[in-house]
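Have a look at the structure below, then the notes.
The values are calculated or read from the model by the stated rules, or taken from the named source; none is laboratory data. Here the structure is a predicted model, which is why all the values come from computation and not from measurement. Cβ placement follows ideal geometry from the backbone for every residue including glycine, while neighbour counts extend to all protein chains displayed. Remember, those area values only see protein heavy atoms, side chains included, never the ligands or the DNA or RNA. Shrake-Rupley method; radii C 1.70, N 1.55, O 1.52, S 1.80 Å.
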Amino acid sequence: MDVEPDRSSARDDQDALRRLLLKAATAAGLPEPAAGWTIPPHPAAVEAVHRAQRERRSAPTGGPARPSPRSPAAEPLDPVDPADHPHLARSLARALARLPDRTAADGQPVTASPGAWSAADRAVLADALGLLGTVWPRMLGELRTVVAQVALLDGMAIDGYTDFTVHGAVLINRRRLSPTRAGLPGPVRLAEALVHEGTHNRCNAAAVSEPFLTPAADERAGLLATPLRADPRPLSGLFQQTVVLARCVQLYRRIAGGQGAGGPAGQAAGERHDRLLGDLGAAVTALEAHRAQLTGHGRRLLDQSALIAAAARGGATPAAGRGHHPR
C-alpha cells in the first residue's frame, strides 16, 4: 500500500484478507465458507466469521457453528440502511457501548441511531462519487474495491467510523451530506468522509499482508495525543490518521485547484485544505517520534505523508486561489 491510491494493489490486499477469512471460517466450523462472497468481501460475511470465532473460543467443545452467510453480491459503495442490515446495527451498538455517556444541553443523552437514505441523500452521494471521478479517479477506483456498503448515522455521538468486524462497510453521519456555514458543499464533505473512512478500510486490509507496526508497538508506545481525536489513541490509530490526513490533503488540493473552483465553495475548500494540512503536519511530527516502532512498510507511508505535507506547505495556498493539481 502507498498513500497514492491504487486499485490493483488494493485488490491484492482484499484477496489476501479474503483468504485469511476463509481459513478462519473453516477453522471455526462454518460450512461452505463464504459462498456468495464477492471482492470486496461482504461485510455481513466478515461479521459471521468473527462471530463464529468468538463462539468457538467460548465453547470448549466447539459449540454450534453459524451457517455461512449467502449474502447477495453487493455493488461497490452501495448505500444501505443499518436498520435493514443486522450486522451494521450490531456494529453500531458496539461502537456506542465503547463511548462515554454524554448529555446534551437539554439533558438528553448524546447518541447515534441508524439513518435511512432519502432520494436527496442518494443524490448527494452520486454527486460526491462524480466529484471523485473527476478530480481523483484513482481514489474512486480504490474505494470501489474496498468499500461495499455505505451507511448513514443520525444523532451527535458519532461522526463516522469503520469496524474491522464488518470490513467493507463505512458508517457516516448524515451531517456530512449537508453544506457547512462556511460554504463547503455537501458532496465535497461526503467525498472527504468516503476518502477518510475508505482509507481506514484500505489500511486494515493492507496490514493483514504487510503490517505497518512492529510487534507490540501499541503496547510500547502507550496512548498518544492525535490531531483528529480528543481521546488518546494507540500508535496504530495515530498511524492511520496520518495516512487519512495525507489523502484528504491531496483531495482538497485537487478540488481547490480545479477548474471552476472559485467563489465561496472554492474558498471553503481551500480553508479546509489548510486546516487538514496543519493536522497532517502535527500527525507526521508525532509519528516520526515513534519511527523505530514502524516496519519498513509503515516507514514508507510515513515518508510519503511527510513529502505530501512538505509539498503542500511549499506550494501556493489553495485558500488564496492559487492551487494546482498534484501529480
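State which residue is nearest to Pro79 (Cα to Cα) when the search covers only segment 151-181 and only residues that are of a type in the set (Gly, Ala, Ser), open to solvent by 10 Å² or more (accessible area, probe 1.4 Å) and outside any strand (DSSP E or B).
Here the answer is Ser178.
Could you look through segment 182-235, keep only residues that are open to solvent by less than 40 Å² (accessible area, probe 1.4 Å) and β-branched (Val, Ile, Thr), and pick out the one that is nearest to His273 (Cα to Cα)?
Taking the candidates together, the pick is Val188.
Would you pick out the residues in segment 108-150 that are assigned to a helix (DSSP H, G or I), open to solvent by 50 Å² or more (accessible area, probe 1.4 Å) and among the polar types (S, T, N, Q)?
Hit for segment 108-150 is Thr134, nothing else.
With respect to the numbered conditions (1) surrounded by fewer than 16 Cβ atoms within 10 Å (Cβ to Cβ); (2) at pLDDT 85 or above, which one is the sole condition not fulfilled by Pro72?
Result: Pro72 passes all but (2).
I need a count of the residues in segment 14-54 that are surrounded by fewer than 22 Cβ atoms within 10 Å (Cβ to Cβ), within 22 Å of the chain's Cα centre (by Cα) and at pLDDT below 70.
Qualifying residue count, segment 14-54: 2.
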